[in-house]
1. How many residues are assigned to a helix (DSSP H, G or I), closer than 23 Å to residue 263 by Cβ and not small (Gly, Ala, Ser) if we restrict to region 296-319?
2. Regarding residue 213, is this residue under 19 Å from residue 155 (Cα atoms), of a type in the set (Gly, Ala, Ser) and in contact with a Ser or Thr (Cβ under 7 Å, 6 or more places away or on another chain)?
3. Could you say whether any residue in region 150-162 is under 28 Å from the mean Cα position of the chain (by Cα) and either of a type in the set (Phe, Trp, Tyr) or outside the structural domain of residue 107 (by TED's automatic domain parsing) (or both)?
4. Would you mention how many residues in region 507-537 are modelled with pLDDT under 90 and over 27 Å from residue 298 (Cβ atoms)?
5. Only residues that are in a helix (DSSP H, G or I), of a type in the set (Lys, Arg) and crowded, with 20+ Cβ neighbours inside 10 Å: list them for region 180-238, please.
6. Take the conditions in contact with a strand residue (DSSP E or B) (Cβ under 7 Å, 6 or more places away or on another chain) and on the phi > 0 side of the Ramachandran plot and apply them to residue 300. Does it pass?
7. Within region 618-665, how many residues turn out to be of a type outside the set (Gly, Ala, Ser) and over 15 Å from residue 460 (Cα atoms)?
Amino acid sequence: MVPSRFFPTDEELGKRDDNRKQPWRRRGSMAGSGPLRYRCRRRRIVPVIFLICALVFYVTRRGGFTEWTVAFGDSSSPYEEPTGRPPVGHDDQVQANIPNKHYYDGPLRFFRLAASLRHIDHPYGGQKHSRHVLFAASSLKSASSLIPMACEMAHWDRNYVHIILLGRNNLSLKDVQEINGVDPATCDVMWHDGRSDFAEYSTEKRAQRSIAAAIMHVNMVLSPRAVIIDDPTEEDAFFVTGIRAKVHELGLSLIEIPRKAAESLRWITRLDSSSLRAWNIPTIDILVHAPTDSSGSLIGMIKSLQATDYKGLPTPRLIIELPANAEPFTLMFLDNLEWPPPSSSPSTSRRPNQLILRRRLPSRHLTPEESSLRFMEGFFPSKPGNHAVFVVSAQTQLSPTFYHYLYFTLLEYRYGQVSSSLMGISLDVPDTHLNGSAPFTQPLSSDIRSKKYHTSKDSPAPFLWQAPNANAALYFGDKWLELQSFLTQRISAFHDGKKTSPRTKIVSPTLPAWTEYFLELMRARGYSMLYPGLLSASHSLVTVHTELSNPPDDFPPANLDLPDPLSDTPNPRGLPRDPPTSSPPDLSEPSEPFLPASFSSTPLHTELPLADSQPLHVLLPWDGDLPELIDLPLLSHAGEETKMSATIDAATAFADTFRVDVGGCDADAAATKRTSGRRGSTADDLFCLDERE
């Protein structure tokens, strides 16, 4: 309950100021007093009285200092809310003669708001700890759209849910509830009437001020972490303007539900207030690395991006890296590509272009480490904690709901359940283990630690795996910076003059070379990726077309018969030739950090049908209820189920060995690096490059 001292009592509301004044007493005569002294005093008092009168006139007649002149009242007060038409002043008389009845611009008084705010069970708490979420509506049509979503959010019991009715309509809260079929037994929502006195007669400016004032007073009590409203085109203009400005001023999160998108966005009712608070915080870039001879698959992937549902969500920026010999048909398609796609926003205004094209310059065939460096240079987070990159291959086709899933899990597991060991979110579940030598079996719902998610029908469950993904995966910005630091020092350590033996390659050569470096860092840190689970094993968020796939440009095919370097016969792959050598290469001095793969490199990936445009909560198991990270099955890089404690121990042992074998540290330096730990998004603690110099 809110302390009664927060609101003035009814008696205090009706008291006149002069009841509290002390009787004026003449001071005793003092030396120097006389008619001149009293005349000087009167000269000072007259301007002060005039100023006070002017301020009173401004406040009462012009609505000045509106938010500070709001009076609270309730039905038990002897001063009940006035009914009928508001009083007409000199300036209002002119507008009263106009057919439009919105003429009143007097001071604001909220007679109904205090009654509900006094009964809040969990007030205050501040933004950091608040669990309150506020649904706000001015239009009755918008209220009808938001009420089912608010009731469903209350059903999941992760937030304290409130609905506030604002605007000019004069229906009571009880009438609004009855019209929308609200049953208090099944809809545990706190209702607030935030309409001011004479709301239906208010001018546009007064109505707008009343929205801002009501939100301010609600924020003083609730400190809501998010405010949810209907599509601005369905709402009153004064409501949209007032609430946007006030929410921005208070630093709250504003979520606008697009027209006809309430069903597709029902997954937001499963999020807690911390996740909803971060609604407008994440920034996502889509990074596409197009290999040679991938025109058809690249265009197909981009078309699936264009057909994706982005309504209600920030549209990501699209970065496409083209090969040096990009096909003319691809360039023609990209020349006409519009991004963001028109379907992502109903606005007809011109939107900024968020498409970035990069084309590699012709050069000799890149080595795996050079290719990895170039790939990592394709993205740099502006705000590492809130900027992420979605890496997608040209052979991948995406479901229309993939972006909703990506945003849903990002908000839940990045801002709701915070875990420093989570490196990113994958949308693709591979058919084989990392080395491609054995089939991979996805964990089921019965493997989840919490029995809450054990159902009679075992469905593919989300899980954590210490394995990178190159087909469709989101990587967090701070982890990406750490990867850049790791890769830079990893390659420098191999080429700095001290002989370092190449390490055994673990990742299949069907995956890009950079995945091997990602895996090393994941093993040294104990990082893992979140992999998805869907209600049906026959549908997927992504599908990979292996019939169109080409081997990565990082590795030339093992069975490629390269012609004599001295011959004029063109290279069958069209690659620039290395300078001719008079002797075979010296294999005793390896030029790459990893030994060539000795296992099969045949790409294997079952092409599952894509999940259609059903709402996300329908596609996900458990009606879209995301389990906690600590309950999910955790797999090592070898695909074996493990525990977090074992993962931490394995990471510590791997990092110690890595510092000595690769990082250039001796035993003492390795121990020092281990105890000092890492600072920020760097991998400095894994290397001793300064000691080598």
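1. Of the residues in region 296-319, the ones assigned to a helix (DSSP H, G or I) are 296-306.
Imposing the further condition that a residue be closer than 23 Å to residue 263 by Cβ reduces the set to 304-306.
Next, from what is left, pick out any that are not small (Gly, Ala, Ser): 305-306.
The number of residues fulfilling the criteria is 2.
2. On the way: under 19 Å from residue 155 (Cα atoms): no; of a type in the set (Gly, Ala, Ser): yes; in contact with a Ser or Thr (Cβ under 7 Å, 6 or more places away or on another chain): yes.
Judged against the criteria, residue 213 is not a match.
3. Applying the first criterion (under 28 Å from the mean Cα position of the chain (by Cα)) to region 150-162 yields 150-162.
Now restrict to residues that are either of a type in the set (Phe, Trp, Tyr) or outside the structural domain of residue 107 (by TED's automatic domain parsing) (or both): 156, 160.
Yes, there is a match, as at least one residue in region 150-162 is under 28 Å from the mean Cα position of the chain (by Cα) and either of a type in the set (Phe, Trp, Tyr) or outside the structural domain of residue 107 (by TED's automatic domain parsing) (or both).
4. Here the count works out to 4.
5. We begin by selecting, within region 180-238, every residue in a helix (DSSP H, G or I); these are 199-201, 204-222, 232-234, 237-238.
From what is left, the residues that are of a type in the set (Lys, Arg) are 205-206, 209.
Hits for region 180-238 are 206, 209.
6. Numbers: in contact with a strand residue (DSSP E or B) (Cβ under 7 Å, 6 or more places away or on another chain): yes; on the phi > 0 side of the Ramachandran plot: no.
Answer is no for this residue.
7. Residues that pass the stated criteria total 22.
Here's the yes/no breakdown for (1) in contact (Cβ under 8 Å) with a residue 24 or more places away in the chain; (2) more than 24 Å from residue 402 (Cα to Cα):
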{"residue": "219", "(1), (2)": "yes, yes"}
{"residue": "223", "(1), (2)": "yes, yes"}
{"residue": "231", "(1), (2)": "yes, no"}
{"residue": "247", "(1), (2)": "yes, yes"}
{"residue": "250", "(1), (2)": "yes, yes"}
{"residue": "256", "(1), (2)": "yes, no"}
{"residue": "260", "(1), (2)": "no, no"}
{"residue": "269", "(1), (2)": "yes, no"}
{"residue": "272", "(1), (2)": "yes, no"}
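The values are calculated or read from the model by the stated rules, or taken from the named source; none is laboratory data. Remember, predicted model here, so these are calculated numbers, not experimental data. Cβ coordinates were reconstructed from backbone atoms using ideal geometry, including for glycine residues, and neighbour counts include every protein chain displayed.
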